[in-house]
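The values are calculated or read from the model by the stated rules, or taken from the named source; none is laboratory data. Because the structure is predicted, anything quoted here is derived from the model rather than measured. With ideal geometry, Cβ positions are generated from the backbone for all residues, glycine too; neighbour counts draw on all protein chains shown.
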Amino acid sequence: MPAEHFDEIAGEYDESLPPHVVEHYIVKRVNRLSSLIDSGRVLDVGCGTGILAGRLAARGYDLTGVDPSEGMLEEARKNITGARFIQGSGTALPFGDNEFDLTYCVAVMHHVAEAGDVKKTLAEMVRVTRSGGLVVIWDHNPRNPYWKYLMARVPQDDGSERLIPEAEVTGGLEAGGAVVVESCQSGFVPDFTPPRLLKGAARLEGMVERTPGLKRLCAHNVVIASKT
């Protein structure tokens, strides 16, 4: 998807989903990512308006965000403190080899979409991560049937997206020089959950995530790899 589309919607991007549901997933991701390393240099690829990067920076990580959309980065620089934000493409990250302890992207790969670009982006994320460092891909799970309905009505999705299969992510990371250490599914709280039902929905989500078979339908694939 062209960066110009995200330039156009940057001001409304953070309002496209209910704030209590957004907060549920932000907390979930912050807790999971911060459980992987105690400190160090962290790169957020496709950082958008920088909310997740800002939360991790507030926990003491040395945080850099990169995104091709200058409009999204303007929002990040305006609203987020404690992190650096740089314009750049995932297929050619503007960093040297072995710079980061943890490199991650969240809800990015389905926008990259084209198979060759997905493979390049995964390889680039491995390249800029130090030996022994971690790469995390957190993206939409094609097995979840609700995505086609949600993606049809949010401004960031214009029909050019492609939901990336789990095997394509793991294969791309391995081709780039990483070893997959965990691949799982996460998340089951839909955007239409009322605030008063969020706690119950979160408990149900935990049950789904722990149930063999059923967990394959969770909203996201979460793949964690270590650079060899």
Q. In the stretch 90-113, how many residues are within 18 Å of THR49 (Cβ to Cβ) and part of a strand (DSSP E or B)?
A. 3
(Q) Here is a check on your reading of the model: is ASP157 in contact with a helix residue (DSSP H, G or I) (Cβ under 6 Å, 6 or more places away or on another chain), at pLDDT below 95 and not polar (S, T, N, Q)? (A) yes
Q. Could you list, in sequence order, the residues of the stretch 156-172 that are over 13 Å from THR121 (Cα atoms), under 15 Å from the mean Cα position of the chain (by Cα) and touching a residue at least 60 places away in the same chain (Cβ under 8 Å)?
A. GLN156, GLU161
**Q.** Failed criterion for SER186 (all others in (1) closer than 20 Å to ALA113 by Cβ; (2) surrounded by 12 or more Cβ atoms within 10 Å (Cβ to Cβ) hold)
**A.** (1)
Q) Can you name every residue in the stretch 132-159 that is under 22 Å from ASP44 (Cβ atoms) and part of a loop (DSSP other than H, G, I, E, B)? A) ASN141, VAL154, PRO155, GLN156, ASP157
Q: Any residue in the stretch 191-215 that's in a helix (DSSP H, G or I) and charged (D, E, K, R): show its pairings with residues that are surrounded by 12 or more Cβ atoms within 10 Å (Cβ to Cβ) and at pLDDT below 95 at Cβ separation under 9 Å, as long as the two are six or more apart or on different chains.
A: none
Q) Taking ARG32, is it surrounded by fewer than 18 Cβ atoms within 10 Å (Cβ to Cβ), part of a strand (DSSP E or B) and not polar (S, T, N, Q)? A) no
Q: Run ILE37 past the list (1) surrounded by fewer than 16 Cβ atoms within 10 Å (Cβ to Cβ); (2) at pLDDT 95 or above; (3) assigned to a helix (DSSP H, G or I); (4) not charged (D, E, K, R) and report the number of the one that doesn't hold.
A: (3)
Q. If we keep just the residues of the stretch 174-190 that are within 15 Å of the chain's Cα centre (by Cα) and not in a loop (DSSP other than H, G, I, E, B), which is nearest to ARG127 (Cα to Cα)?
A. SER183
Q) Where residues in the stretch 40-77 are assigned to a helix (DSSP H, G or I) and of a type in the set (Gly, Ala, Ser), which of them is farthest from GLY116 (Cα to Cα)? A) ALA58
Q. In the stretch 78-89, what residues are in contact (Cβ under 8 Å) with a residue 24 or more places away in the chain and in a helix (DSSP H, G or I)?
A. ASN79
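Here is a yes/no grid of residues against (1) of a type in the set (A, V, I, L, M, F, W, C); (2) in contact with a strand residue (DSSP E or B) (Cβ under 6 Å, 6 or more places away or on another chain):
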residue	(1), (2)
HIS110	no, yes
VAL126	yes, yes
TYR149	no, no
ARG153	no, no
